[in-house]
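The values are calculated or read from the model by the stated rules, or taken from the named source; none is laboratory data. For clarity, every value in this text was computed on a predicted model and none was experimentally measured. Cβ coordinates were reconstructed from backbone atoms using ideal geometry, including for glycine residues, and neighbour counts include every protein chain displayed. These accessible areas exclude ligands, DNA and RNA; they are computed on the full protein's heavy atoms, side chains included. Shrake-Rupley method; radii C 1.70, N 1.55, O 1.52, S 1.80 Å.
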Amino acid sequence: MINFAHRGASNYYPENTLLSLKEGIKTGANGLEIDVHKTKDNKLVVIHDEDIERTFKGKGLVKDMTLEELRSFKCRNKNFENNIECKIPTLVEVLELIKDTNIILNIELKTDEIHYEGIERDVIELVNRYGLKKQIILSSFNHESIRICKEIDSEFETGLLYYAPIENVIQYAKEVGANAIHPDLRLVSEELIKEANKNNIKVNIYTVNSPIYMRKLIKAGANGLFTDYPDLLNEIINEK
């Protein structure tokens, strides 16, 4: 099973920062989950929201600012506002972090609210320059992005994110070209996991923070869990 540190060890450190990602790896997570946007000067950056205001001391959309401008903002968490590893990172920095590891990196393409021209190709070309294709899952709530990724390079693993029920989701995932479904925890059942796995579709579930659900989903055969508590999930996975 893949223990995906959701935005890094985000319960303890500022989400989607290099510090949070490094700490996620230290907890024993064998996967990381990040969110990628595109700046005004076409740089790929790691942040969850389209607007920076929730997590950084600034205001405005990522797409309207250059990388240099984005780097000037301090982390909103006062305990980490002066930590140099708590700036908005680039995707390049994250790939540098994992390139000599066996970490699986789930890159969520944030194309569901704003259309970033060519972001799918940009991410794929960057990953391929690093030779890290086998360590990457490309996911999105915008299922057209999944189709585009598969058209550009069919060898990439892809994950279909969704938070509302989809009729015949396994068949739908196949039609879209997804290798995995990434459902909200509330949409998951043991039957769904078994049926998906029979059809060679993996099931990676978000966001699983309760030890009760961690144990249930491990027992049910889930392929991966996204969690803000990768240390806790690691302990549970390693229980005898």
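Per-residue packing, averaged as other Cβ atoms within 10 Å, sorts the ranges 189-197, 36-44 into the order 36-44, 189-197, beginning with the highest. Placing R0 at 30 angstrom, the Cβ-Cβ distance between Arg129 and Asp64 gives a FRET efficiency of 0.65 after rounding to 0.05. Of the peptides 136-144, 78-86, the ranking by mean beta-carbon count within 10 Å, highest at the top, reads 136-144, 78-86.
Distances between every pair of Cα atoms in the range 28-187, grouped in 10 Å steps from 0 to the bin holding the largest one, split as 10, 38, 35, 15, 2 percent. Cα centroids of the range 7-34 and the range 112-188: 21 Å apart.
Mean silhouette area of the range 171-240, derived from the convex hull of its C-alpha atoms and averaged over all directions, reads 4.7 nm². Each residue of the range 59-66 was assigned a 3J(HN,Hα) from its phi angle through the Karplus expression (A = 6.51, B = -1.76, C = 1.60, θ = phi - 60°), giving 8, x, 8, 3, 5, 9, 10, 7 Hz with x at Gly and Pro. Amide H to amide H, with H built 1.01 Å from N, Ile137 comes under 5 Å of Leu105, Asn106, Ile107, counting only residues 5 or more places away or on other chains.
Please report the carbon-and-sulfur percent of the accessible area for the range 106-197; probe 1.4 Å, protein heavy atoms only, DNA, RNA and ligands left out. C and S atoms contribute 44 percent here. For the chain, the list of Cys residues with no other Cys C-beta under 4.7 Å reads Cys149.
Solvent exposure of the chain amounts to 47 Å² per residue of accessible area, where only protein heavy atoms count and the probe is 1.4 Å.
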